[in-house]
Amino acid sequence: MNYISTRNKEIKVSAAQAIAQGISKDGGLFVPESIPVLSTADFAALQKMSYIERAAFVLKQFLTDFTDEEIKYCVEGAYIGTFDNNEPAPVKNIGGNANILELWHGPTCAFKDLALQLLPYLLTTSAKKVSEGKQTVILVATSGDTGKAALEGFCDVENTKIMVFYPNDGVSAMQKLQMDTQKGDNVFVSAINGNFDDAQTGVKNIFTDNAVAEILSKANMQFSSANSINWGRLAPQIIYYISAYCELLNNGTDLSDGFNVVVPTGNFGNILAAYYAKQMGAPINKLICASNANNVLTDFINTGVYDRNRKFFTTISPSMDILISSNLERMLFELCGRNDKTVAALQKDLSENGKYTVSNEVALSFKDIFYGGCCDDDMTKATINKTFKDNKYLCDTHTAVAVNVYNDYVSKTGDDRPTVIASTASPYKFANSVLEGLGEALEDNEFENVEKLSAVSGVEIPSPIDALRNAIPRFNNVCEKQDMAKVVINNLGL
Ligand SMILES: *Cc1c(COP(=O)(O)O)cnc(C)c1O
């Protein structure tokens, strides 16, 4: 199967090339030429499989230029021994028709582990096929979760180096500690004096700087991206929605009317993966897109107008503080009848005016497939409280946004069919806000809060967080945003 650019269907590459390259040269995103559809027999077989077997089965549909051995090597490397109980994506019923898909049992306690444990294997296997011998340098700008998950994923992976930049005052204390204590011989971490957008712009500038590319090329190195613009990060996310469907079937859930999926959304990567799972044949009814106060997607789904010209809010669900949802471009491509010209024009509007409007027809199909809802920090905290009291379930701040929008959806529409709510982070990554949600006073430092949360909730502290208690930071770099390229070159010894 080939991959095409959302902005120019004439550009066709193999899966390996799409993954090694990350983004198409015309600025478009790579999408599969067609979405594979699974048969009833396929789903019956998947139902009996382990997560790793399901992962191999799903990936095989998309990575047709990988051998069975390569796929097995990738999924086993990614998922054996890295997640609690070797269960990367357990489904837990919390009462009635609400089921939580827990995606935070990996090494960094956020859902990004599901993709970023696998991506290094996919990337190095792809690079062997298409760019022989070159060392890959992964550059990441992060507002917290992606950086740590990418560091863990790429730590000591042969023939790769990874460099992460985060805004000095824009990540949680736990996120900062997680990154600054990262082990490995091929990793580098630096804070920048600036916000997340500065870090992101700095990294993008390095990617497109020909002089820097030249220096790397002479040293037989090339840059790549670990962001969700890379197909190698999206494909792993489709697996857990297919797996969640199998789990519901195995639990005896009545799925005669299908099921709904709720996703706390930022860059639109996670919910897009659920859409692909639906297209592959999982009987997903509504895709419920939950946002925090940065509700650009809610407005878009409700009006057909995407407008990023608005106030940016810093919230207690920081991984969703985003005004440009990159992966929406792939969804637009699907709902504009895969018309590359239309997508290119809309993206041009977005970069020039920060805004675009889709046709009535496209707006209607968005509304047909998605429901968009949002809630602010107070409502997020109230939901943490209510879900803990009513359902005995402790949510992190991002998951709480999803639960809030789900409750709202059910009361507005009366549609209470079985639902899968994606839980994207452990509550211990955001212990302060979760404690406040429970109505508890805060202690003096992060680990006292972690202890208190455990005492109040009875929920076990995840071992990767517990292990940070006495960890000593290795990195304490801070650089100016205009010096990022220099820092990268120096660190590579070039
Ligand atoms: C990244 C992240 C999100 C948003 O996911 P997208 O794929 O960007 O929509 C939600 N919750 C948490 C905890 C995250 O780390």
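Simple rule: put +1 on each Lys or Arg Cβ and -1 on each Asp or Glu Cβ in region 1-141, find the dipole, and look at VAL137, ILE4, ALA15; the Cα lying farthest toward the positive end is ILE4. With loop membership from DSSP and a limit of 14 other Cβ atoms within 10 Å, the longest segment of the chain without GluC sites (Glu not before Pro) is 159-459.
Of the peptides 82-88, 162-168, the ranking by mean beta-carbon count within 10 Å, highest at the top, reads 162-168, 82-88.
Rounded to two decimals, what is Rg over Rh for region 160-294 when you use alpha-carbon atoms and the Kirkwood radius? Rg divided by Rh gives 1.08. In the chain, the inverse of the mean reciprocal separation of distinct Cα atoms equals 22.8 Å; this is its Kirkwood hydrodynamic radius. Stretching LEU492 away from THR40 to a fully extended chain increases their span by 157.7 nm, per 0.36 nm per residue minus the current alpha-carbon distance. Note on surface exposure: PHE111, PHE312 rank PHE312, PHE111 by accessible area, highest first, 1.4 Å probe. By definition, a body whose alpha carbon gyration tensor gives a ≥ b ≥ c is prolate when a/c is 1.5 or more and a/b is larger than b/c, and region 331-419 fits this prolate description.
For an R0 of 25 angstrom, estimate the FRET efficiency from the Cβ-Cβ distance between GLU33 and THR67 and round to the nearest 0.05.
Here the calculated transfer efficiency is 0.80.
Local charge for GLY304 was computed over the other residues whose Cβ lies under 10 Å away, with Lys and Arg +1 and Asp and Glu -1, and equals -1.
From largest to smallest, the equivalent ellipsoid semi-axes obtained for region 287-372 from the alpha-carbon gyration tensor read 21, 15, 10 Å. Here region 154-263 is assigned +1 on the Cβ of each Lys and Arg and -1 on the Cβ of each Asp and Glu. Its dipole about the Cα centre then comes out at about 260 debye.
Are any of the pairs LYS112/LYS389; LYS176/LYS367; LYS48/LYS381; LYS9/LYS429; LYS60/LYS386; LYS72/LYS134 more than 30 Å apart by Cα-Cα distance, and if so, which? Could the numbers behind the result be given before it?
Working: LYS112/LYS389 28 Å; LYS176/LYS367 38 Å; LYS48/LYS381 39 Å; LYS9/LYS429 41 Å; LYS60/LYS386 42 Å; LYS72/LYS134 23 Å.
Checking Cα-Cα distances, LYS176/LYS367; LYS48/LYS381; LYS9/LYS429; LYS60/LYS386 exceed 30 Å.
Using +1 at the Cβ of each Lys and Arg and -1 at the Cβ of each Asp and Glu in the chain, identify which of PRO427, ASN353, ALA382 lies farthest towards the dipole's positive end. With unit charges placed on the Cβ atoms, the residue in question is ASN353.
Here ASP156 sits with roughly 90 square angstrom of accessible surface, probe radius 1.4 Å.
Charges were assigned to the Cβ only: +1 to each Lys and Arg, -1 to each Asp and Glu. The resulting dipole of region 285-398 about its Cα centre is roughly 160 debye. Just report the Cα centroid separation between region 277-348 and region 198-227, whole Å. The two parts, judged by their Cα centres, are 27 Å apart. Simple spin-label estimate for ALA211 and ASN302 gives 4.8 nm between the two label positions (7 Å along the Cα-to-Cβ direction from each Cα).
The values are calculated or read from the model by the stated rules, or taken from the named source; none is laboratory data. Everything quoted here is computed from the prediction, not taken from an experiment. Counting neighbours? That spans all protein chains shown, and the Cβs are built from the backbone with ideal geometry, glycine included. With ligands, DNA and RNA removed, areas are computed over all heavy atoms of the protein, side chains included. Shrake-Rupley method; radii C 1.70, N 1.55, O 1.52, S 1.80 Å.
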